[in-house]
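S.K.: Structure provided below as structure tokens; questions to follow.
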Amino acid sequence: MNDYGLNLHGELLLEEYRQQQPSFRRLRQVVMEKLTEAVKGCGIKVNSMESRIKGEVSLAGKLERKGHKYQTLKDITDILGVRIIMFYNEDVDRIASMAESLFDVDWQNSVDKRKMHQFDSFGYNSLHYICRLPRSRYYDEAMPELNEIRFELQMRTALQHVWSVIQHDIGYKSEIETPLKYHRDLSRLAGMLELADNEFSRIRNSISDYRRRAQKLVQSGELSEVSLDGDTFRSYLQLRPFDQLNQQIAAITQAELQEAPFMPYLTVLRTIGMETLGDVERMISDCADDAYQLALFQLGSTDIDILAETIGLQNLCIVYILKSGGGKPGVIQLFDTINGKMPQNEFLATTITEQASRLSFMHQ
């Protein structure tokens, strides 16, 4: 047995800690299972979730410094520690609310360090709950003590965690122990990181608001006011704007339409000058008949029975490129974007351009 120089009371607490190792291990397992299930269910993306049981040497050091504060081992609330690290400030509050529904929180000993508002306290701005596992969530007749052991749950953002780790690494604690120059430098960095934390949340909220507004405009048909980007294009695809043309083309050979990715065509649409969803709608209106005629020329003498569901959009883009004077180079660029650069793209573009040259829209 190690000699830590503890008094009799400290030694008794340390021996009780050793005897309760199976209980701490089982509590750690149950708590992590409950948290993992709950986090997955609420859809919050966390950076990491970790736990530890305080080591014997660490506990002995604590008992040497503060042993007089603890009457029993149950008074030590951080033997089991759990930490959840989120990306955004508001997710800390969401995880906290989730934890309140999962565990019994000892509010008297819990600390919201974010509300202390010290100008240099960024690294410590985490939320610390002291919790118990309620019997309503888990009970084991063989280990009833699991519902009596308190544990610490820390919740913080990734930037707060990084700052805390750095502070610990360099041994920074206060302006008394650190020369004023370094204290000022670290305080400036803390302010920058706090600003970054707040800005990440603000930007995410702004993007979410933009997406909601764009979706409403798409659903209401006000497409000319909606810029063409990845989010709005996905929303637009939910309206199935190319289905009618696809069905017409598939009917040429009674072909089956097979699912295919549309997102690569976003780059094509931007390249040919589409700036809003209204531009895409106008392309469909102006070019759908000619895109069908091109497909009729391509497929009419074949027995192809499977077509990608992007066939309509592909032909629309080809017709638009040719009508706009992009010629074969424009069609090659389309296939380079969709298929990746390969020699076959020039052959495809040559064939399609020759086919299109026989159709009426090329002579208008």
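The values are calculated or read from the model by the stated rules, or taken from the named source; none is laboratory data. What you see is a predicted model; the values in this text were computed from it and never measured. Cβ coordinates were reconstructed from backbone atoms using ideal geometry, including for glycine residues, and neighbour counts include every protein chain displayed.
S.K.: Could you list all residues from region 1-21 that are in a helix (DSSP H, G or I), of a type outside the set (F, W, Y), out of contact with any strand residue (DSSP E or B) (no Cβ under 9 Å at 6 or more places or on another chain) and in contact (Cβ under 8 Å) with a residue 24 or more places away in the chain?
M.R.: H9, G10, L13, L14, E16, R18
S.K.: Whether any residue in region 27-40 is assigned by TED's automatic domain parsing to the domain that holds L127 and not in a helix (DSSP H, G or I) is what I want to check.
M.R.: no
S.K.: Also: Could you please give the count of residues in region 275-291 that are surrounded by fewer than 20 Cβ atoms within 10 Å (Cβ to Cβ) and in contact with a helix residue (DSSP H, G or I) (Cβ under 7 Å, 6 or more places away or on another chain)?
M.R.: 5
S.K.: Tally time: how many residues in region 242-263 are loosely packed, with under 15 Cβ neighbours inside 10 Å and assigned to a helix (DSSP H, G or I)?
M.R.: 4
S.K.: Scan region 204-235 residue by residue and report those that are modelled with pLDDT under 85 and aromatic (F, W, Y).
M.R.: Within region 204-235, Y210 is the sole residue that qualifies.
S.K.: Sticking with this structure for a sec: Please verify whether E33 is at pLDDT below 95 and not hydroxyl-bearing (S, T, Y), treating the condition exactly as stated.
M.R.: No.
S.K.: Could you pull out the residue among L266, L239 that is under 39 Å from the mean Cα position of the chain (by Cα) and in a loop (DSSP other than H, G, I, E, B)?
M.R.: Details: L266 fails: in a loop (DSSP other than H, G, I, E, B).
The match here is L239.
S.K.: Here are some conditions: (1) at pLDDT below 85; (2) under 21 Å from P261 (Cα atoms). Q238 meets all but one. Which one does it not meet?
M.R.: (1)
S.K.: Pick out the one residue from N345, N339 that is out of contact with any Phe, Trp or Tyr (no Cβ under 9 Å at 6 or more places or on another chain) and assigned by TED's automatic domain parsing to the domain that holds D286.
M.R.: Being out of contact with any Phe, Trp or Tyr (no Cβ under 9 Å at 6 or more places or on another chain) and assigned by TED's automatic domain parsing to the domain that holds D286 holds for just one of N345, N339, which is N339.
S.K.: Can you go through R234, R212, R204 and tell me which one is under 18 Å from the mean Cα position of the chain (by Cα), of a type in the set (K, R), outside any loop (DSSP other than H, G, I, E, B) and surrounded by fewer than 12 Cβ atoms within 10 Å (Cβ to Cβ)?
M.R.: From the options R234, R212, R204, the qualifying one is R212.
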